[in-house]
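Here the structure is laid out as structure tokens; the discussion comes afterwards.
The values are calculated or read from the model by the stated rules, or taken from the named source; none is laboratory data. What you see is a predicted model, and the numbers here were worked out from it, not measured in a lab. Reconstructed Cβ throughout: ideal geometry from the backbone, glycine too, with neighbour counts over all protein chains shown.
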Amino acid sequence: MSGVRRFVARRLLLGAAQTVAVVLLIFALTEALPGDAAVALAGDQPDPARIEAIRAALRLDRPAHERFADWALGLLHGDLGTSLTSGRPVARYLADGFGPTLVPAALTVALLVPAGFGLGILAARHEGRTADRLISSVTLAVYAVPEFALGVLLVTVLALRLGWLPPTAVGHGTDLLADPSVLVLPVLVLLSRPVCSLARLVRAGMIDALASPYVAQARRYGLSGARVRYAHALPAALAPAAQQLARTVDWLLSGVIVVEALFVIPGLGTVLLDAVAERDVPVVQGLAVVFGVLTVVLNLGADLVAHRLAPRAGVAA
């Protein structure tokens, strides 16, 4: 078996082990959540007998290991479970909330790649000069601002004071593309920190690559400056950038709760917050499993891409 195949096999085995660990951890953490779904469903003045009846109907009175076995078996068959409070399949909750979460996330990634790589390459080409210092200073300053604070600032200035953009997505339902203006502020907030970290990472990688012996050798062969930069130096900078991009995509899908709450976007973040408030454990578990598996898959893909782009670096197994 070649080195590349061994690397892929090890990464796939590691991904499978991580997925199993994610499932176990999610079940353990949801078991530790305070409160009781049966109490929540019983009303404001619950009767103990009614609580016990609800617990029995929902099979919450069974031992934890039995409930985990049933849940894990359902996951293997693609069944994420059923909501305790509404009786709807958890997959329906995902379907309802996925669109409003995916649209701003996809737009952010579409802008992040050219902006992050473009700024990083531009800064590296002008290392130590005005353009480099300006890009480095601005990206560092923007990265230091928390998303919530930046969102409040943008809403205050661009929406409330100047009236250029709508402050929230209220009244637009789940079809955010019907009025793209409601996406401008959320996308700006989502884009702010990732584009800064990606640009700085690409800059550092490009500078290191341009100073490497193999790039110097390429210059001695008389290759053009553009070919040296983009055919020899850029691939070396792309390896760590690919991993950063995977982490960013993962964060965009699973970490937009603050942005969705700020701009009242009815996405997966809202679904998760409602499920936690109602102690709807299957919905929390289903969302957590989807987010966890996405994290494993994205990082696995990033490792494989980084290994392909920089085989000499020998991504740590």
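Pull up the stretch 106-137, narrow it to residues that are of a type in the set (Val, Ile, Thr) and in contact (Cβ under 8 Å) with a residue 40 or more places away in the chain, then point me to the one that is nearest to Ala241 (Cα to Cα). So, considering only residues that are of a type in the set (Val, Ile, Thr) and in contact (Cβ under 8 Å) with a residue 40 or more places away in the chain, the one nearest to Ala241 (Cα to Cα) is Val113.
Please verify whether the stretch 172-184 includes one or more residues that are small (Gly, Ala, Ser), assigned to a loop (DSSP other than H, G, I, E, B), at pLDDT below 85 and surrounded by 13 or more Cβ atoms within 10 Å (Cβ to Cβ). Looking for residues that are small (Gly, Ala, Ser), assigned to a loop (DSSP other than H, G, I, E, B), at pLDDT below 85 and surrounded by 13 or more Cβ atoms within 10 Å (Cβ to Cβ), one finds none in the stretch 172-184, hence no.
Output the residues belonging to the stretch 104-121 that are among the hydrophobic types (A, V, I, L, M, F, W, C) and under 13 Å from Leu191 (Cα atoms). Before you say what the answer is, go through the steps one by one.
Initially, the stretch 104-121 is screened for residues among the hydrophobic types (A, V, I, L, M, F, W, C), giving 105-107, 109-113, 115, 117, 119, 121.
Residues satisfying the conditions are Ala105, Ala106, Leu107, Val109, Ala110, Leu111, Leu112, Val113, Ala115.
Kindly check whether there is at least one residue in the stretch 32-44 that is modelled with pLDDT of 80 or more and surrounded by 12 or more Cβ atoms within 10 Å (Cβ to Cβ). Walk me through it before giving the result.
Here is the first cut: in the stretch 32-44, the residues modelled with pLDDT of 80 or more are none.
The answer is no, given that none of the residues of the stretch 32-44 is modelled with pLDDT of 80 or more and surrounded by 12 or more Cβ atoms within 10 Å (Cβ to Cβ).
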